[in-house]
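The values are calculated or read from the model by the stated rules, or taken from the named source; none is laboratory data. Everything numeric in this text was worked out from a predicted model, so none of it was measured. When we count neighbours, we look across all protein chains shown, and the Cβ atoms used for this are built from the backbone with ideal geometry, even at glycine. All accessible areas refer to the heavy atoms of the entire protein, side chains included, with ligands and DNA or RNA removed. Shrake-Rupley method; radii C 1.70, N 1.55, O 1.52, S 1.80 Å.
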Amino acid sequence: MFVLPAVGFFAAFNVFPMLFGLYLSFTDYDLLNPPLWVGFDNFVNLFADRLFLTALHNTLMFVLGATLPVWALSLLAALLFDQAFRGRDIIKATFFLPVLPPVVVVAVIWRVLLHPNGVMTWLIGGRWGLTEIRWLADAVLAPLSMIAVHDWAAIPFFMVIWLAGLAGIPAELREAAALDGAGPVRSFWYIELPHLRATAVLVAALSSINAFQTFALQYVIPTDPGGPANSTLVLGLLVLKYGFQYFRMGDAAAVSMVMFVMILIVTMIQLRFNRRD
Amino acid sequence: MTERPIRILVAVAAAAIFAFPIWFMVSSAFKAEPEVHAIPMHFLPHDFQGFAQFRLAAEIAPLWRYFLNSWIYAASHVGITVFFGALAGFGFAKYRFPGRTLLFLAVLSTIMVPFQVLVVPLFVEVKWFGWENSYAGLIIPGMMNAFGVFMMRQYASDLPDELIEAARVDGAGEFHIFLRIALPLLLPALASLAIIVFIWSWGNFLWPLVIVQDKDLNVLSVGMTSYSQPYQREPMWGAAMAASTVATLPIAALFVFFQRYFVKGLTAAAVKG
């Protein structure tokens, strides 16, 4: 049977670990002694755990910063590049460049750019005569820097999704609107926007699902992963910290289950929106 | 259209802002260390260094070993996902068997599970197998992607049944039909799938980070962290930017040479949900 290799593989390396992870989240396990069943203790403890609450708060803030601006700006970018103009393809390809480097490379580039006396300080602070901005050493600025870096790479990516949605709108509709004297704003409001409903939901869902899983930027860019003062500690990092630094596998699995539930909620909302159409 | 010049202006400005960090990376890779730090920034190297920073990067850490490991890792994932994904996708699309819908939904549901949920139990499982800190442990757990099955099933469904029937009447075996008839017709979709899987695996960070301790087994994404201490006393930003350029090059090449499949693959992967 042709499906057997794939099905067998997914059973061994996806379905089994998923169920095993669920089991681990109800145990204490340090990799040395056999797992000890503790019921809901891990989950109950999480909600009194300062580190977890900090990570949860930081993750939700990051999701907020990685969805709303990305949603609006990637749509604007798509509308900008949707119309033909001279040199469009090459300009669009240039705009798309941030999507190419792997996330760790993104982190390394920005770690250099965000040096307190570095290029970003020169570009942005120079206007006000600032020669030093502590982008990564300040507990308020650091999480905002993470969001800015993330959005930089996410906006061109989601622009492509919007463009695919725009390409699905019948050209006659838009031409007819233009012939009837509709300006770009009215045309967008009455023709494009209603057709982009599914895309709008998709971009919102996908960008928040991606943002919930963030950890690489927070791992590589700050001097200490999650720093300073845990201001960039997100749930994805906490799984790593509990699992592979403290070897508290049960707690790590419990944190990952909380992440999973939040992502499932986003998926549910997305399906709901889509069903209404 | 009177608004055109403004549109071009805005587009160029947006592209310049977004491409700037990439330009910083590539140009810094050819500068001497003090020039990378120069404020105001030099947009072009005044003192062109050739490949000196790349050589330095390879001295600081085994850059080319990382590069090779990344190729082994990504290429094996691409090969296996493409072949078995097409095989399973074809099976799900063109054969009726008991439990077909249920099995397909089960495969599909694995797409929704974020990898962070799997990383802890998978680590324990791979440890049982004795695969930690080895190529097997690095490569095997992620070598098949459910998205491949999902995407291939969609494309395989569009293949005309008459074609398969005709081949069967001619006495062709089922595997022969897959290999000689289905696979060639699926080729454009396979190209998009191959590109998207390559990008995912090339950039994958979490699994290689937890499963490998041995420096010689590291892939580039994890190896890159050797260059990410730019605030230390002996800065090596130039080498870091050279290594970053090396790590971006394969993806950039795919983008330049296969732009159509590249964008199609990205879009298909996004719409999967």
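Listed here are the residues, each with its yes/no results for (1) within 11 Å of another protein chain (Cβ to nearest Cβ); (2) in contact with a Lys or Arg (Cβ under 9 Å, 6 or more places away or on another chain).
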residue	(1), (2)
B:P121	yes, no
B:G142	yes, no
B:M151	no, yes
B:Y155	no, no
Practice task
State yes or no: is B:F255 at the interface with chain A (Cβ under 9 Å from one of its Cβ atoms), without any contact (Cβ under 8 Å) to a residue 24 or more places away in the chain and either touching a Ser or Thr at 6+ places or on another chain (Cβ under 6 Å) or open to solvent by less than 10 Å² (accessible area, probe 1.4 Å) (or both)?
Solution key: no
Fill in the blank from the handout: Residues in region A:1-37 that are more than 22 Å from B:G130 (Cβ to Cβ), more than 7 Å from chain B (Cβ to nearest Cβ), part of a loop (DSSP other than H, G, I, E, B) and open to solvent by 30 Å² or more (accessible area, probe 1.4 Å) total 1
Problem - Top-ranked residue in region B:207-233 [being polar (S, T, N, Q) and part of a helix (DSSP H, G or I); ranked as farthest from B:F115 (Cα to Cα)] - result: B:S226
Fill in the blank from the handout: Contact list, first residue from region A:96-117 and within 7 Å of chain B (Cβ to nearest Cβ), second anywhere and part of a loop (DSSP other than H, G, I, E, B) and among the aromatic types (F, W, Y), beta-carbon distance below 6 Å, six or more apart or interchain, is A:V104/B:F205
Fill in the blank from the handout: Note on region A:230-276: residues buried (at least 20 other Cβ atoms within 10 Å of the Cβ), more than 19 Å from A:L64 (Cβ to Cβ) and among the hydroxyl-bearing types (S, T, Y) are A:Y242, A:S256
Fill in the blank from the handout: Of the residues in region A:118-163, those that are under 30 Å from A:Q83 (Cα atoms) and open to solvent by 50 Å² or more (accessible area, probe 1.4 Å) come to A:A148
Problem - Residue list for region B:1-27, restricted to those being modelled with pLDDT of 95 or more and open to solvent by 100 Å² or more (accessible area, probe 1.4 Å) - result: B:I17, B:W23
Exercise for the section: Read through the list (1) under 30 Å from A:Y23 (Cα atoms); (2) surrounded by fewer than 21 Cβ atoms within 10 Å (Cβ to Cβ), then give the number of the only condition that A:L56 fails. Expected result: (2)
Exercise for the section: Could you tell me whether region A:205-218 includes any residue that is touching a strand residue (DSSP E or B) at 6+ places or on another chain (Cβ under 9 Å), surrounded by fewer than 24 Cβ atoms within 10 Å (Cβ to Cβ) and not in a helix (DSSP H, G or I)? Expected result: no
Practice task
Quickly run through region A:209-230 and pick out the residues that are of a type in the set (G, A, S), under 23 Å from B:P114 (Cα atoms) and at pLDDT below 95.
Solution key: A:G226
Practice task
Could you please let me know if A:L166 is open to solvent by less than 30 Å² (accessible area, probe 1.4 Å), part of a helix (DSSP H, G or I) and within 11 Å of another protein chain (Cβ to nearest Cβ)?
Solution key: no
Exercise for the section: Determine which member of the set A:G181, A:G125 is in a helix (DSSP H, G or I) and over 27 Å from A:V203 (Cα atoms). Expected result: A:G125
Exercise for the section: Can you confirm whether region A:222-232 contains a residue that is within 18 Å of the chain's Cα centre (by Cα) and of a type in the set (S, T, N, Q)? Expected result: yes
